[in-house]
Amino acid sequence: MSITADKLVNVYIKMRDKRAQIKAAFEEEDGKIKEQMDLVESSLLEVCKATGADSIKTAHGTAIKSVQTRYWTGDWAAMHKFIRDNDALDLVERRISQLNMKNFLRENPDLMPTGLNVDNKYTVTVRRS
């Protein structure tokens, strides 16, 4: 006896709803813990500042102060020009924009970059009725 498509869709939607419920509960609890950890981290940074220490060794572990730096741009046209002018392609991450590549290949069917890998697979999307 086979299972009907209606039953499969019903089960799929129930499972998806359960995952969403579990994820929402996790994210709420995780957010609370992250806020508490941020407070503890701030306190540890204050201890480092007050003592002039770069690390604090305790019986439970070691807290190490470090500098975290992020870079971003608000002007992508200028950044693209800078990268081209300085032959600095290594300044960007090595990943292909999926949507842009799809559009490029659709618009340029005779052009295929050497070394480009393509993986197509069928998927099913389930919507509520």
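The values are calculated or read from the model by the stated rules, or taken from the named source; none is laboratory data. Only a predicted model underlies this, so the values are computations on that prediction, with no experimental measurement involved. Cβ atoms come from the backbone with ideal geometry, glycine included; neighbour counts cover every protein chain shown.
Every listed requirement among (1) farther than 30 Å from Asp17 by Cα; (2) not in a loop (DSSP other than H, G, I, E, B) is met by Arg70 save one, (2). Looking at Ala77, is it surrounded by fewer than 10 Cβ atoms within 10 Å (Cβ to Cβ) and part of a helix (DSSP H, G or I)? Taking the combined requirement at face value, the residue satisfies it. Does the range 22-36 include one or more residues that are closer than 30 Å to Arg128 by Cβ and of a type in the set (Val, Ile, Thr)? Yes, that holds for at least one residue. For the range 16-26, the count of residues that are modelled with pLDDT under 95, out of contact with any Leu (no Cβ under 7 Å at 6 or more places or on another chain) and not small (Gly, Ala, Ser) is zero.
Could you identify the single residue in Leu8, Leu99, Leu89 that is loosely packed, with under 10 Cβ neighbours inside 10 Å, closer than 27 Å to Val126 by Cβ and of a type outside the set (Val, Ile, Thr)?
On the way: Leu8 fails: loosely packed, with under 10 Cβ neighbours inside 10 Å; Leu89 fails: closer than 27 Å to Val126 by Cβ.
Among Leu8, Leu99, Leu89, only Leu99 is loosely packed, with under 10 Cβ neighbours inside 10 Å, closer than 27 Å to Val126 by Cβ and of a type outside the set (Val, Ile, Thr).
The conditions of being without any contact (Cβ under 8 Å) to a residue 12 or more places away in the chain and of a type in the set (Val, Ile, Thr) are not met by Ile13.
Scanning the range 27-63 for residues that are in a helix (DSSP H, G or I) and basic (Lys, Arg) turns up Lys32, Lys34, Lys49. What single numbered condition from (1) within 30 Å of Ala5 (Cβ to Cβ); (2) of a type in the set (A, V, I, L, M); (3) at pLDDT 95 or above fails to hold for Val124? Only one criterion is unmet by Val124, namely (3).
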